[in-house]
Every structure is written in structure tokens, then in C-alpha cells.
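Attaching a single structure in C-alpha cells format; questions to follow.
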Amino acid sequence: MTGSASVERLGAQSPVRTLRLLRQLGEAGARGASLGALVRASGLVKPTCRRMLIALMQEGMVVQDPATRTYFLGREIYLLGMLAAERYGIHRVALDSVARLAQETGDAAFLQVRHGQEVVCLTREDGGYPLRSHVLKAGDRHLLGAGAGPLAILGAMPEAEAEAYLAACHSALAQRYPMLWPLLPDLVKESRARGYSLNRGVLFPGSWGMGMAIREPSGQVVACLSLAAVESRMQPDREPELVALLAREVELVEQRLAGDAMPQPQIAPAALKRTQP
């Protein structure tokens, strides 16, 4: 029996459940996930979950480590992602900006994209500073407003749209981020006024972040570049420097999305010196 036939036997709801299973496996990241972990995360019964995984393995979408029995996303998912990148070019055009931000600041730099009411981290690049913030990695998802990047996107959205989102999602925000929710409306207003977000360790004490939204040529907010560092690395005396670097790279990415070629900024030796502890 082919993998396609196996999937078809799972019923009319199987495509949605299969996609959710793939997403949960993707969220497990490089560590992969066991069958038991996927059963708990998906809510599927074990036989159904196993049949889905077998069908996905037959199609190359999932692989299993024969020694640990751990599941991972497969080569076909990687290839599909590469093909999709040609249509959704934000990842391709922003990669060097993320790397440059990490190198010039010495801190962790991220590309995050909006996906409905969530923001997904596509890329993380670590700088050279030895003390790092490890609260966000590629594949992580957060609701709009939860973290420097999601807050930057929410603050850059039209005010009426942002307020409608806060009203519609207040229960989910309050449940998932109880420390953040009471402060979020004021943080959104602050981000809108500044033109960038500043997360002062609200979600994770000691881990600060800063983000700036990226717009498509139509003006729609689609992504952001952000930085994360330990608290001592993101104090007021350093804030203007970080904002300027973010603004430069956001402008470059937006120009590339618009199809305009721009010379890539060179990393100045003085900037490299500033990353040293």
C-alpha cells in the first residue's frame, strides 16, 4: 500500500490532522520527538498517530532514528521549504541581515514572520558575546505581542486591527502569558510611538529584546528583525546604536522585497570591537 493510500484511509479529517502532526514535529526542532510525545501533543490515539507517521515516512516527509526511535522532519519537507522560499522570499532576502546584526551587535538576531495570529521564528543567528539569551529558537511560535518580535509586528499594524486582535485574543494571551497580558496594551502603544519594540524581560526575567517590523511593498506588516540579549546588554546607553542597526537592515530587506538592488553594508572594524565583552 502506498503512503498516499495510507493517508486516505485515515478519513476526511486526516489532511488537517496530518498537517498539525507535521507542525508539532517541526516545533520539536533538532531534538525530534518520540511517538509518545507526539501522541500527547496531537491528542491523537497512538495507533492513528503511528499510521500517520508511517505514511509520512513512506513519502519522505518524516524520518525515524532507528536507534532512538525518535521522529524528525524528512528531506522532502526541506525540499518543499526551499521551493516555497522562491515564492515567499523574505527568508532568502533577510538571511544576511540577520547574520550581520548578530556579528555587529554580538547578540542573538532573529527573523520572525507573521502567520495569522502567531509569529514564527524562521532564523536565529548568535553573536560573539559569551552571555546569551536562549529563550527563542528557529521554529518557535508565539502569539502576536508575546516577545520583542511579535510586539514589534503588533505595534506596527493599523491601530484598529491591533485593538481588534487584543479584544479577540485576550483569553488566549492571558492564559499563555499571564505576566505579559496586563502590560500588553501599553507596550503596544509604546512600540507604535517608538517605531520599534522593547521587551524588558517581561516574559523571561533577565532576557531583553528589541524588534522592528518589516513591511511588504503594499505596506502590510509581514515580518520583523529582532535582537535578544541579557539585561545588561540592552540598557539605554546602547539602545540608539541597536535601533540604528535594526533600522538599516529593515530598510535593506524592504528594498529587496520591492525588487530594488542595494549595496550590502560592510561591517566596520569599530562595530566588531563593540561586540567584545
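Kindly write out, for region 245-255 in residue order, the coupling ³J(HN,Hα) from the Karplus curve 6.51 cos²θ - 1.76 cosθ + 1.60 (θ = phi - 60°), rounded to whole Hz, with x marking Gly and Pro.
After applying 6.51 cos²θ - 1.76 cosθ + 1.60, I find 5, 4, 4, 4, 6, 4, 4, 5, 5, 5, 5 Hz.
Would you mind getting the accessible area per residue of the chain, heavy atoms of the protein chains only, 1.4 Å probe, in Å²?
So the chain comes to 52 Å² accessible per residue, rounded to a whole number.
For the pair A30 and E190, what calculated FRET efficiency results from E = 1/(1 + (r/R0)^6), where r is the Cβ-Cβ distance and R0 = 45 Å, to the nearest 0.05?
Efficiency at R0 = 45 Å is approximately 0.80.
Another question, then. When the accessible area of region 147-263 is computed with all protein chains present and a 1.4 Å probe, what percentage of it is carbon and sulfur?
The value for region 147-263 is 57 percent carbon and sulfur by accessible area.
Of I54, A148, P236, which is farthest towards the positive pole of the chain's charge dipole, taken about the Cα centre with +1 and -1 on the beta-carbons of Lys, Arg and Asp, Glu respectively?
So the residue we want is I54.
Follow-up. About the Cα centre, and with charges only on the beta carbon of Lys, Arg (+1) and Asp, Glu (-1), how big is the dipole of the chain? Nearest 20 debye, please.
So the dipole magnitude of the chain works out to roughly 1040 debye.
In nm, what is the difference between 0.36 nm times the number of residues separating T70 and H115 and their Cα-Cα distance?
This chain segment gains 13.4 nm when fully extended.
For the chain, what does the relative contact order come out to in percent, with C-alpha contacts under 8 Å and a separation of six or more?
Contact order relative to length: 16 percent.
For L131 and E59, what is the calculated FRET efficiency with R₀ set at 45 Å and r taken between the beta-carbons, to the nearest 0.05?
Efficiency, from the Cβ-Cβ distance: 0.55.
Which FRET efficiency value, to the nearest 0.05, do you get for A138 and A247 by plugging their Cβ-Cβ distance into 1/(1 + (r/R0)^6) with R0 = 30 Å?
E between A138 and A247, to the nearest 0.05, is 0.80.
The values are calculated or read from the model by the stated rules, or taken from the named source; none is laboratory data. Please read these numbers as outputs of a predicted model, since none were measured by experiment. All Cβ positions, glycine included, derive from the backbone under ideal geometry; neighbour counts span all protein chains shown. These accessible areas exclude ligands, DNA and RNA; they are computed on the full protein's heavy atoms, side chains included. Shrake-Rupley method; radii C 1.70, N 1.55, O 1.52, S 1.80 Å.
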